[in-house]
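Down below is the structure, laid out as structure tokens.
Only the coordinates and a few stated rules stand behind these numbers; no lab work does. Please read these numbers as outputs of a predicted model, since none were measured by experiment. Methodologically, a virtual Cβ is constructed for each residue, glycine included, from the backbone with ideal geometry; neighbour enumeration extends over all protein chains shown.
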Amino acid sequence: MRKFAAAAGAALGGLALVAATQGAAQAAPATAEAAAPSCVKADVTYLVGIFVDITNNCSTTQKVKVDYDRDYFSPCFTLAPGATASHSASIIYASRYEGLATC
């Protein structure tokens, strides 16, 4: 009985080690998104969805996309200086705005 308990304990310990290793490997992001410059601003409104108005206050053209949770992104917007764009996300796809990223 002791041999069985020792073998079962070793097997469970091995499974826990494998699970912990896989969890750490999966936690790393596949690609790191670069944050948009601070001169590109977003005005976020939460209603029945998430509504984001983007304004390029930079002196140069910027390419940005809206980053939401659940790995959901907007299309890429090319904004000339002073230009604006809007994007909305249904709560089916995202529940939180996370920021602006370059694209």
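Of all residues in the stretch 70-103, how many are closer than 18 Å to ALA34 by Cβ, touching a residue at least 24 places away in the same chain (Cβ under 8 Å) and assigned to a loop (DSSP other than H, G, I, E, B)?
2
Counting only residues that are of a type outside the set (A, V, I, L, M, F, W, C) and over 9 Å from VAL66 (Cβ atoms), which one in the stretch 89-103 is nearest to the chain's Cα centre (by Cα)?
Here is the first cut: in the stretch 89-103, the residues of a type outside the set (A, V, I, L, M, F, W, C) are 90, 93, 95-99, 102.
Now drop any that are not over 9 Å from VAL66 (Cβ atoms), which leaves 90, 93, 95-96, 102.
On the way: SER90: 16, TYR93: 12, SER95: 11, ARG96: 10, THR102: 13 Å.
Filtering first and then ranking leaves ARG96.
Can you tell me which residues in the stretch 46-69 are closer than 16 Å to GLU98 by Cβ, in a loop (DSSP other than H, G, I, E, B) and among the hydrophobic types (A, V, I, L, M, F, W, C)?
Of everything in the stretch 46-69, nothing turns out to be closer than 16 Å to GLU98 by Cβ, in a loop (DSSP other than H, G, I, E, B) and among the hydrophobic types (A, V, I, L, M, F, W, C).
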